[in-house]
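Working notes, beginning with the structure itself.
The values are calculated or read from the model by the stated rules, or taken from the named source; none is laboratory data. Since the structure is predicted, the reported quantities are computational estimates derived from the model, not experimental observations. Using ideal geometry, Cβ is built from the backbone for each residue, glycine included, and neighbour counts are taken over all protein chains shown. Side chains are part of the model used for accessible areas, which takes the heavy atoms of the whole protein and leaves out ligands, DNA and RNA. Shrake-Rupley method; radii C 1.70, N 1.55, O 1.52, S 1.80 Å.
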Amino acid sequence: MFSLRPLGLATPRLSPVAAWSARFIQHQATRSKLPPLVFTFDIDGVLLRGPHLIPAAKSALNMLNGANPLGVKIPFILLTNGGGVDEEARRRKLSSELGVELESNQILQAHTILKSVAHKYANQHVLVLGGRNDVIRKVAEGYGFKHAYTTLDVLAWKPEAWPFHDLSPEERASTKPVDFSHTPISAVFVLHDPRNWSLDIQILVDVIRSRGIIGGPYLDSPAPGGDQALPENTLKHGSSNAPMARGLERKPIDLVFCNPDLLWKSDFPQVRIGQGAFREAFQAVYQAVTGTTYPYVQYGKPTRETYRYAEDVLKDRLEELHGGRLEKMLNVYMVGDNPESDIAGANGAGWPSILVRTGVYDPAHGEPTHKPTYIAEDVEEAVAWAIRREMKDM
């Protein structure tokens, strides 16, 4: 079972919780080892703003630790479109920032879902984008990708592939020696926000247009002698009729993005652009040079795949805490600050959704684009409201 270190006295705003507790029939809380609800929290803009703890988060975590009318600890996970490190590293950092002792299986980053598909690519060569140096490569290898490469590897192999960036000593030390002319790439995974957009877009275009051979001929261009470009429908994923081109038959490249967020909230006064902006930039360049956009798979909030994966993780965690199989999934409350990702995803998954005003959402700009079940000032109010709502049905 997860544990939380004591966080001190609750704020005066918890007085309503004490009042509910006095009215609550205690035996109802002890019918099961589990409460009637669980939580999924976004991190940035809900619990943290940059590296700083949002004050209301302390009281919310106290309630989850048992200072609630139910008198029991309430399980929760953290679901974020952030990433860039492995889950254990993120656990250590978040435990320090939040003042709680988390477990690795409570943290779902944008790219954690790749654990569920890594077996399909375990023995294939893949390109991984995002983050600094080879940190993302190590994350991918930890998930089960045995042959993961970075665009820095490409640049170390052939600096002329993008002559506008000179590798630093630190970057060069992070590269793997590889001859990409004999290393066909079958898929590209954008795990985290790229640091060098121009380099990554150029290599991504090379990989896709050459069907995996970096530096090889573009197979969507007319060949010498007047051959026509490949039909557009042969670029779709899973195509079974990928045509012969210059004597080589290769499948289209799988392209996967892990975070669709166009905007996100840091401790900077204005919202920042995210991985979704990189995807848009790539597609704009690709369309400019080919006349069409490229099909891709999208993970991360608000995609149904990510919320389904999160629910599976929650169920496994609850069964571990419960000590047996769950007959029925508990009500999962999503608490987030972004209507486009947190609220849209929760609504699509059929979860009650709570929008807080401490992050991306700004009521001055009008009603949220996706209507939440409830709008709260902060995460403390969100948790208290959800508990009160569940008590009405007990």
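Exactly one residue out of L326, L355 is open to solvent by less than 20 Å² (accessible area, probe 1.4 Å) and over 24 Å from A57 (Cα atoms): that is L326.
Considering each residue of the range 276-289 in turn, none proves to be in contact with a Phe, Trp or Tyr (Cβ under 9 Å, 6 or more places away or on another chain) and either modelled with pLDDT under 95 or assigned to a strand (DSSP E or B) (or both). For the structure I just gave you, tell me whether E305 is charged (D, E, K, R) and closer than 30 Å to L64 by Cβ. Against the criterion (charged (D, E, K, R) and closer than 30 Å to L64 by Cβ), E305 qualifies. Among the residues of the range 169-189, those identified as closer than 13 Å to D134 by Cα and either of a type in the set (S, T, N, Q) or open to solvent by less than 10 Å² (accessible area, probe 1.4 Å) (or both) are S174, T175.
In summary, S32 fulfils each of the numbered conditions (1) modelled with pLDDT of 90 or more; (2) open to solvent by 20 Å² or more (accessible area, probe 1.4 Å); (3) over 24 Å from the mean Cα position of the chain (by Cα); (4) not hydrophobic (A, V, I, L, M, F, W, C) with the single exception of condition (1).
Within the range 340-352, being modelled with pLDDT of 95 or more and either farther than 25 Å from P269 by Cβ or open to solvent by 10 Å² or more (accessible area, probe 1.4 Å) (or both) holds for A344, G345, A346, N347, G348, A349, G350, W351, P352. Look at the range 58-74: where a residue is more than 15 Å from Y333 (Cβ to Cβ) and without any contact (Cβ under 8 Å) to a residue 40 or more places away in the chain and a partner is in a loop (DSSP other than H, G, I, E, B) and aliphatic (A, V, I, L, M), sitting 6+ places away or on another chain with Cβ atoms under 9 Å, you get G66/L4; G66/V72; G66/I74. Among the residues of the range 358-387, the ones that are open to solvent by less than 20 Å² (accessible area, probe 1.4 Å) and under 19 Å from the mean Cα position of the chain (by Cα) come to 1 in all.
Looking across the range 68-95 at every residue that is among the β-branched types (V, I, T) and under 18 Å from R317 (Cα atoms), the one that is modelled with the lowest pLDDT is identified as V72. Considering only residues in the range 49-105 that are more than 21 Å from E311 (Cα to Cα) and of a type in the set (K, R), the one that is most open to solvent (accessible area, probe 1.4 Å) turns out to be R92.
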